[in-house]
Amino acid sequence: MDYRASIRDLDQVIGTNQNWNGISAESAARMQLQNRFRTGLDIARYTAKIMRRDMAAYDLDPANYTQSLGCWHGFIGQQKIISIKKHFGTTKGRYLYLSGWMVAALRSEFGPLPDQSMHEKTSVPALIEELYTFLRQADARELGMMFRDLDNARSAGDQIREQQILNAIDNHETHVVPIIADIDAGFGNAEATYLLAKKMIEAGACALQIENQVSDEKQCGHQDGKVTVPHEDFIAKIRACRYAFLELGVEDGIIVARTDSLGAGLTKQIAFSKEPGDLGDQYNSFLDCEEITDLNSANGDVLINRNGKLVRPKRLPSNLYQFREGTGVDRVVLDCITSLQNGADLLWIETEKPHIGQIASMVDRIREVVPNAKLVYNNSPSFNWTLNFRQQVFDAWQAEGKDVSAYDRARLMSADYDESELAAEADERIRTFQRDAAQRAGIFHHLITLPTYHTAALSTDNLAKEYFGEAGMLGYVANVQRKEIRQGIACVKHQNMAGSDIGDDHKEYFAGEAALKAGGAHNTMNQFSAA
């Protein structure tokens with residue numbers, strides 16, 4: 001980004017049009033720089049390169065893991081990235097995650113829905129576009145404030161300050177970051193997956209996360225009743241996503257292949273197999289079967305040949321087949337290897353608890369075949385993190401022979417233990433979980449799927465309790481506005497955040513001295529000028 005070069009280029013363009021006398025090259029350059037990304041595909045290509053660089057950096061050193069938080073609204077995503085820049089000075093290694101769960105629960109025209117792919121699939125690309133609209137406005141707002149500072153420095157004749165601001169403009173870091181977008185199980189067959197993938201990429205998604213569940217039986221990864229598909233079906237959808245990326249010119253787009261096999265005990269199909277040991281045969285080898293000695297007893301059933309014997313896969317009244325208990329880990333490992341060998345870039349293993357040893361044991365087996373295998377991991381609010389880690393510490397201490405008689409393992413969630421040594425150790429393990437899992441378990445990207453679903457509920461509950469109670473208006477002022485001011489939360493100036501100052505700048509560009517601007521002396525936002 002070269003601000004002065006942009007002005008020179010536009011000055012030449014404007015100078016060739018004699019009837020453009022009212023157009024300012026510098027104003028036009030400012031608008032161009034405030035709208036760096038023209039299309040969603042520009043964003044997808046830009047952010048894909050960021051993710052690829054980050055993946056390569058992680059391969060060199062697992063300390064370079066990345067993070068994101070889930071979003072269900074453009075404003076939420078914008079505020080996360082603004083906050084990251086405010087607190088850490090850069091967005092490096094920080095992305096956004098678009099959760100299908102939150103789209104279903106919060107964005108469907110049907111109202112709140114469970115995570116079963118019943119929401120409108122068009123709402124997913126619409127949310128991607130919305131997120132990037134808000135992130136691009138964050139750029140426009142931040143640059144707009146720099147431009148105002150530049151004008152003030154020039155008015156004051158402060159050339160040193162002017163040069164500092166010009167350098168800051170040229171080195172401005174965009175708020176546009178990669179979005180890992182949840183495409184669920186593809187919302188249909190491979191063609192439906194391809195069509196939706198195109199819409200999501202065109203909206204700006206550089207990374208698509210797809211799972212190996214059956215589309216019309218899809219369940220949340222942390223609920224029961226999950227049904228997986230044979231590998232060839234899933235591979236077809238991975239290929240569909242890759243073709244969508246290639247068609248749209250996003251050659252380095254990222255596909256995250258998620259397996260739900262650890263908690264999925266059912267399948268809708270028996271895989272097609274040409275010969276023993278092929279992928280279909282491997283999938284079928286996990287089916288729970290019983291040997292058939294009397295063909296007359298197999299009326300209407302499907303029979304398969306297993307090691308020279310006819311066996312009948314056990315079929316439930318739902319017409320689904322079940323896998324043998326205890327095969328989940330082996331199926332996960334096969335799923336992951338197969339996905340990476342057929343076009344996926346990253347893995348997602350949905351687990352029932354956050355346990356580094358469990359994850360690492362699977363990743364170690366995968367890396368025997370694909371040495372650079374990397375995971376995206378769901379640091380899910382579906383886990384009771386406090387209870388899980390207190391139990392892990394309890395079990396570790398017990399195995400080490402440490403006295404745990406002061407603790408009741410069945411009651412470890414009790415507040416009675418909150419100040420205990422065990423609780424402190426558990427909290428330290430939670431604090432370092434992402435760092436340790438990146439090092440030991442191959443996790444490149446850590447995300448929390450539903451954080452703002454919970455923070456919105458918590459903050460609203462606290463505000464309602466205070467505002468509608470004895471505190472009255474002080475409940476809002478003390479617990480919201482004053483904290484915004486003290487913590488430097490930009491949204492305390494909500495008119496500015498919504499684009500009022502950007503609009504005033506445009507009015508001045510368009511109408512000059514005749515512009516009727518909102519940011520005058522009587523704008524109440526001026527009360528926060530010192531905040």
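A single entry from Arg440, Arg431 fulfils the requirement of being under 30 Å from Leu346 (Cα atoms), among the basic types (Lys, Arg), surrounded by fewer than 17 Cβ atoms within 10 Å (Cβ to Cβ) and in contact (Cβ under 8 Å) with a residue 40 or more places away in the chain: Arg440.
Inside region 157-191, residues that are in contact (Cβ under 8 Å) with a residue 24 or more places away in the chain and not hydroxyl-bearing (Ser, Thr, Tyr) make up a count of 23. Go through (1) in contact with a Cys (Cβ under 7 Å, 6 or more places away or on another chain); (2) among the polar types (S, T, N, Q); (3) farther than 30 Å from Asp182 by Cα and name the single condition Thr259 misses. Of everything listed in (1) in contact with a Cys (Cβ under 7 Å, 6 or more places away or on another chain); (2) among the polar types (S, T, N, Q); (3) farther than 30 Å from Asp182 by Cα, Thr259 misses just condition (3). One residue stands out among those in region 226-273 that are modelled with pLDDT of 90 or more and basic (Lys, Arg): the one that is farthest from Glu325 (Cα to Cα), which is Arg242. Flag not set for Val492, criterion: hydrophobic (A, V, I, L, M, F, W, C) and over 22 Å from Arg148 (Cα atoms). Residues in region 22-41 that are touching a Ser or Thr at 6+ places or on another chain (Cβ under 7 Å) and free of Cβ contacts under 8 Å to residues at least 40 places away in the same chain: Ala29, Gln32. Take the conditions (1) of a type in the set (Gly, Ala, Ser); (2) under 28 Å from Leu248 (Cα atoms); (3) surrounded by 13 or more Cβ atoms within 10 Å (Cβ to Cβ); Ala28 misses just one of them, which is (2).
Looking at region 20-37, is at least one residue hydroxyl-bearing (Ser, Thr, Tyr), over 15 Å from the mean Cα position of the chain (by Cα) and not in a helix (DSSP H, G or I)? Yes - at least one qualifying residue is present in region 20-37. Right, Asp403: in a helix (DSSP H, G or I), more than 25 Å from Ala360 (Cα to Cα) and not aromatic (Phe, Trp, Tyr) or not? No. Name every residue in region 223-258 that is crowded, with 17+ Cβ neighbours inside 10 Å and more than 21 Å from Gln213 (Cβ to Cβ), in order of residue number. Scanning region 223-258 gives Phe245, Leu248, Val250, Gly253.
Here region 273-291 is the region considered, the condition is being assigned to a helix (DSSP H, G or I) and without any contact (Cβ under 8 Å) to a residue 40 or more places away in the chain, and the residue that is nearest to the chain's Cα centre (by Cα) is Asn284. Filtering region 344-371 to residues that are surrounded by 15 or more Cβ atoms within 10 Å (Cβ to Cβ), of a type outside the set (A, V, I, L, M) and part of a loop (DSSP other than H, G, I, E, B) leaves Asp345, Glu350, Thr351, Glu352, Lys353, Pro354, His355. Residues in region 195-214 that are at pLDDT 95 or above and β-branched (Val, Ile, Thr): Ile201, Ile210. Among residues of region 82-105 being touching a residue at least 40 places away in the same chain (Cβ under 8 Å) and surrounded by fewer than 20 Cβ atoms within 10 Å (Cβ to Cβ), the one that is nearest to the chain's Cα centre (by Cα) is Arg94. Residues that are surrounded by fewer than 19 Cβ atoms within 10 Å (Cβ to Cβ), closer than 21 Å to Asn35 by Cβ, among the hydrophobic types (A, V, I, L, M, F, W, C) and modelled with pLDDT of 95 or more occur at least once in region 153-168. Could you say whether any residue in region 299-317 is of a type in the set (A, V, I, L, M), under 17 Å from Asn212 (Cα atoms) and surrounded by 15 or more Cβ atoms within 10 Å (Cβ to Cβ)? Scanning region 299-317 turns up no residue that is of a type in the set (A, V, I, L, M), under 17 Å from Asn212 (Cα atoms) and surrounded by 15 or more Cβ atoms within 10 Å (Cβ to Cβ).
Collect the residues in region 58-89 that are closer than 20 Å to Arg431 by Cβ, touching a helix residue (DSSP H, G or I) at 6+ places or on another chain (Cβ under 6 Å) and of a type in the set (A, V, I, L, M), keeping them in residue-number order. Passing the criteria: only Leu69.
Quick check: anything in region 192-200 more than 20 Å from Glu120 (Cα to Cα) and either out of contact with any His (no Cβ under 8 Å at 6 or more places or on another chain) or of a type outside the set (Val, Ile, Thr) (or both)? Taking every residue of region 192-200 in turn, none turns out to be more than 20 Å from Glu120 (Cα to Cα) and either out of contact with any His (no Cβ under 8 Å at 6 or more places or on another chain) or of a type outside the set (Val, Ile, Thr) (or both). The number of residues in region 42-74 being surrounded by fewer than 19 Cβ atoms within 10 Å (Cβ to Cβ), under 26 Å from Glu247 (Cβ atoms) and small (Gly, Ala, Ser) comes to 1. For Asp184, state whether it is crowded, with 20+ Cβ neighbours inside 10 Å, of a type in the set (Asp, Glu) and outside any helix (DSSP H, G or I). Yes; evaluated as a whole, the condition is true for this residue. Summed over region 489-524, the residues that are closer than 26 Å to Asn35 by Cα and not in a helix (DSSP H, G or I) give a count of 10.
Residue count for region 251-272 under the criterion of being part of a loop (DSSP other than H, G, I, E, B) and under 19 Å from the mean Cα position of the chain (by Cα): the result is 3. Within region 53-79, the set of residues being in contact (Cβ under 8 Å) with a residue 60 or more places away in the chain, assigned to a helix (DSSP H, G or I), hydrophobic (A, V, I, L, M, F, W, C) and within 25 Å of Ala138 (Cα to Cα) comprises Ile76 only.
Of the numbered criteria (1) surrounded by 16 or more Cβ atoms within 10 Å (Cβ to Cβ); (2) modelled with pLDDT under 85, the one Leu516 fails is (1). Just one residue in the set Val404, Val370, Val393 is without any contact (Cβ under 8 Å) to a residue 40 or more places away in the chain, touching a helix residue (DSSP H, G or I) at 6+ places or on another chain (Cβ under 6 Å) and within 25 Å of Arg52 (Cα to Cα); that residue is Val370. Against the test of being closer than 30 Å to Glu290 by Cα, surrounded by 15 or more Cβ atoms within 10 Å (Cβ to Cβ) and at pLDDT 95 or above, the options Thr386, Thr327 yield a single qualifying residue, Thr327.
In region 448-476, of all residues being among the β-branched types (Val, Ile, Thr) and surrounded by 15 or more Cβ atoms within 10 Å (Cβ to Cβ), the one that is nearest to Phe528 (Cα to Cα) corresponds to Thr452.
The values are calculated or read from the model by the stated rules, or taken from the named source; none is laboratory data. Since we're looking at a predicted model, the values are computed, not measured. FYI the Cβ positions are ideal-geometry reconstructions off the backbone, even for glycines, and counts take in every protein chain you see.
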